[in-house]
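Here's the structure, in structure tokens; my notes come after.
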Amino acid sequence: MATGAVTAQGAGTQESVDQGKRDFLYIATAAFGAVGAVAAIAPFINQLAPDEETIAAGAPIEVDLAPIAEGQIMHVVWRSKPIFVRHLTQKEVEESKSADWHEMIDPAPEQARVKDGHDQWLVVIGICTHLGCIPLDKEGPYGGWKCPCHGSLYDPLGRVRHGPAPANLAVPPYAFLSDTKIRVG
Amino acid sequence: MTFFLGCAGTETGTMKRVRLLLAAAMAFCCATGFAARAQEEGPAFVPKIPDRQSWSFAGPFGVYDTAQLQRGYKIYREVCANCHSMEDMHFRNLADPGGPEFTEGQVKALAAEFKVTDGPDDNGKMFKRPGRPADPFPRPFPNEQTAKLANGGAVPPDMSVLAKARSYEPYDWFPADIGYALWSMLTQYQTQGPDYISALLQGFKKPPPGFKIEPGQNYNEVFAAGNGIIAMPPPLQDGVVQYPKGPDGKPVVPETVEQYSKDVAAFLMWVAEPKLDYRKQLGLEVMIYLLAAAGLMYFVKKKVWAKVHA
Amino acid sequence: MSGQSTYVPKNALAKWFEARLPIGGLMHSSFIAYPTPRNLNYMWTFGGILSFMLGAQILTGIVLAMHYTPESSLAFNSVEHIMRDVNGGWLLRYLHLNGASLFFAAAYIHTARGLYYGSYKSPREVLWLLGIIILLLMMATAFMGYVLPWGQMSFWGATVITNLFSAIPIVGDTIVTYLWGGYAVGNPTLNRFYSLHYLLPFVIAGVVALHVWALHVAGQNNPTGIDVKSSKDTVPFTPYATVKDALGLVVFLLVYCWFVFYEPNILGDADNYIQANPLKTPPHIVPEWYFLPFYAILRSMPDIFFIPAKLAGVMAMFGAILMLALVPWLDTSRVRSARFRPLYRPFFWVLILVCIGLGYIGAKEVTPGRIVVGQILTAYYYVHFLVILPLLGLIETPNDMPNSISESVLGGNATAVPAGAHAAPERKG
């Protein structure tokens, strides 16, 4: 086999081809090909996003509050996430209102955690804001939740009172359809 | 064959020649597969080849006719759904672009017409509730055995991909079969399924004399899979489904079996291939891109190789 | 991989790396400076096309595997889930489905090109054998992939093909049971086929690497079949072969996309859109088109002496591929390219027609007439390799050949031809 430098034979005569014009053709073709390659990658990325069935299954759910007695917590699932629906006792409501929220890790007043006129109902996503574990009901000194993974402590309103969690339990979008029925999502 | 043997005792010279000729022709037919079923008892069933219809969704630029799909859905809902499931379809799909394109509100209402089994509830019981857009179309029968029992031993096939699962070979002789296959490929003929379905729905005819039919069976001139015998009774009659009315109070399209058959076949094609519109649109863009790329590459190749072909 | 590399690392980091792992030099010598014969025609672009298709099939396959469920009661519907709900899922599946067909089309063209131009002859026998191994692996992969949608054809195709192994005397039935993982094709079968369908493409990729390695050791054949004699006969791989391969690929993609976007199901069988039913065989079982010639050979075999038809069919089918593997030793002619073989050329085209004819027979329902035609074509297939090919080399007088590749391209005046050079050593009486 031929070894060493290999050069195109007979290349010399055509070297007079307008260099600029040729470069333009090459650059245009390369650019055109690059656009196509990027476009071809798109479906491989898009398929990673939630599919239509998953999205449809994430539709809002309705929760009947009637069976939840005062002091009880009900767990429902929305978009594959646990939703804690807590019927706060009068005592818990009052303690929550009086607590000094300015010094908390993620300061939030009582009004920001519940809906107007529905002081006794807390609806939060039951996922610890630290690394995604599900906190245990009514554990820890604040009587709210305690995360089994790294010991984050939440009060009955789901506000984080002791780290390492950086934020309060998130409140999902929800609305009261009546006094005993909410729609989450 | 028995006919010829029966008169063998009294045959004349002419008859003998005819008989030999026919026997030779028959042997040829058997050998080449023309009359594969000729030896069976009774008159052989030769299925009618479905006529080729002109569909809005045929060809490289064809798209679904939304109004037709809506009419087709009405037929599915009022007629087919009583026996046929469509379990890969969800109510939400009725609002998808390139489909019947019902509005979100309409889809909610259409879904609620169906009762869907859900559960178990807190008491461990399954319960019925109105359908939601996210639900698949419920099955008319809870399981295959029930379906069989209710339909004289035949399970009504699921309709999710029915239009892609039906086909037929119009020619069984060389080289017409190859020619047909190549011609279909070249002309993008892909509507065998809906052609077949609409022909089948119109194929309930009076059986030819001598054709034996058991009670509970029906004759269908298109139904090759059952040699002309189908368990499904004729599902459509003129006027059974009300179509939308025009301003003059008359239906915009005729309420006939022929029109019903076409509309529901078109609907089933959409059910089987819901992304067809988008596929062809994307295909056009890709083809234009590739043609341009091929042109550019051609000139690049020519330029690069110009040095060599000096 | 041919001779020393002329690659010079451009910066200190590259130099440091190159001294420890000379991959830059390998790439440079294999895909940039690598000398390719200057007279390659577009039949030589199929190697690049095949590499692309292997990559495309692996890529779409990996992505489809993220959404597919290999469980017999869910598989069929999970494919429909991909077609309907997964973002762009229909596109990925149609790419994969038609990709298999186009992959085989390219592989068959590539193989036929090798047969026509004698690319299997010394010193490329190992290269050729590796190619046959790739073809076999492709067949296994395609067969198992076809089972995954769990349609009627998937199921009954799997049943029929796995039952082939029961033809093996004594151990056949045990082998079949072990293939199935049960007493019939079922969920365990689907699971293991899925596993192997995922694995084999990477094995193919490995053998492809060997195939390319062997290619770069022996160098490419070319339409004249004459060895490269000087640097005048070659051009560097980049940019010459690269742009030509790219053009060939784009045209190939046009055909591929025609099927994917405009007739994605035309190469398949309608019956495979019916969910597998282990209690009901479809009236007419056919494999995908790329297996049809082999299927025809399988069905053609009668009882031969003490060998039952079933075993004879299996042997004949695998023998058909064995014939290809033995071609380097069955062909006695020392002239590579059919361009200079006036007798081999028509026989080559007859063989192509016979293969197409076998494909036709394989696609049709069995009738006594078609069995006879299938037997004749099968017999001819074997006669071609076992009789015609060895004989041709002995009786054929090759046409006059140019002295070198550059002479064949540029005409006689390109190189000074010494008198008497026409007495080419390849010539035979």
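For this structure, a couple of remarks:
- Within segment B:121-141, the residues that satisfy the criterion of being basic (K, R) and either out of contact with any Ser or Thr (no Cβ under 7 Å at 6 or more places or on another chain) or assigned to a loop (DSSP other than H, G, I, E, B) (or both) are B:K125, B:R129, B:R132, B:R139.
- Being of a type in the set (G, A, S), closer than 27 Å to C:Y183 by Cα and buried (at least 20 other Cβ atoms within 10 Å of the Cβ) is a property that C:A276 has.
- Hits in segment C:219-237 (condition: within 13 Å of another protein chain (Cβ to nearest Cβ) and not polar (S, T, N, Q)): C:G219, C:D227, C:V228, C:K229, C:K232, C:D233, C:V235, C:P236, C:F237
- Qualifying residue in segment C:327-336 (condition: surrounded by fewer than 18 Cβ atoms within 10 Å (Cβ to Cβ), out of contact with any strand residue (DSSP E or B) (no Cβ under 9 Å at 6 or more places or on another chain) and either within 12 Å of chain B (Cβ to nearest Cβ) or aliphatic (A, V, I, L, M) (or both)): no
- Looking across segment A:90-107, the residues that are touching a residue at least 24 places away in the same chain (Cβ under 8 Å) and either within 26 Å of A:T180 (Cβ to Cβ) or outside the structural domain of A:L177 (by TED's automatic domain parsing) (or both) come down to A:Q90, A:E92, A:V93, A:E95, A:S96.
- Within segment C:238-247, being surrounded by 21 or more Cβ atoms within 10 Å (Cβ to Cβ), more than 7 Å from chain B (Cβ to nearest Cβ) and of a type outside the set (A, V, I, L, M) holds for one residue alone: C:D245.
- Residue count for segment C:169-208, restricted to those that are part of a loop (DSSP other than H, G, I, E, B) and buried (at least 16 other Cβ atoms within 10 Å of the Cβ): 2
- Selection of segment A:50-79 for residues being of a type outside the set (V, I, T), farther than 15 Å from A:V184 by Cα and touching a residue at least 40 places away in the same chain (Cβ under 8 Å) yields A:A66, A:E70.
- The criterion of being within 14 Å of another protein chain (Cβ to nearest Cβ) and closer than 27 Å to A:A175 by Cα holds for A:I68.
- Residues of segment B:66-100 satisfying the condition of being of a type outside the set (S, T, Y), part of a loop (DSSP other than H, G, I, E, B) and buried (at least 16 other Cβ atoms within 10 Å of the Cβ): B:V79, B:C83, B:H84, B:M86, B:D88, B:M89, B:D96, B:G98, B:G99, B:P100
- Of all the criteria given as (1) assigned by TED's automatic domain parsing to the domain that holds C:Y381; (2) within 22 Å of C:I49 (Cβ to Cβ); (3) among the basic types (K, R), the one not satisfied by C:K244 is (1).
- All positions within segment B:254-283 that are surrounded by fewer than 20 Cβ atoms within 10 Å (Cβ to Cβ), more than 8 Å from chain C (Cβ to nearest Cβ) and farther than 18 Å from B:V79 by Cα: B:D277, B:Y278, B:Q281
- Residues in segment C:248-277 that are at the interface with another protein chain (Cβ under 7 Å from one of its Cβ atoms) and within 26 Å of B:Q281 (Cβ to Cβ): C:V250, C:V251, C:L253, C:L254, C:C257, C:F261, C:Y262, C:E263, C:N265, C:I266, C:A270, C:Y273.
- Every test in (1) within 10 Å of another protein chain (Cβ to nearest Cβ); (2) modelled with pLDDT of 85 or more is passed by A:V6 save one, and that test is (2).
- Qualifying residue in segment B:133-151 (condition: modelled with pLDDT under 95, hydrophobic (A, V, I, L, M, F, W, C) and in contact with a strand residue (DSSP E or B) (Cβ under 7 Å, 6 or more places away or on another chain)): yes
The values are calculated or read from the model by the stated rules, or taken from the named source; none is laboratory data. Computed from a predicted model, the values in this text were never measured in an experiment. Quick reminder, even Gly has a Cβ in these numbers, built from the backbone with ideal geometry, and neighbours come from all protein chains shown.
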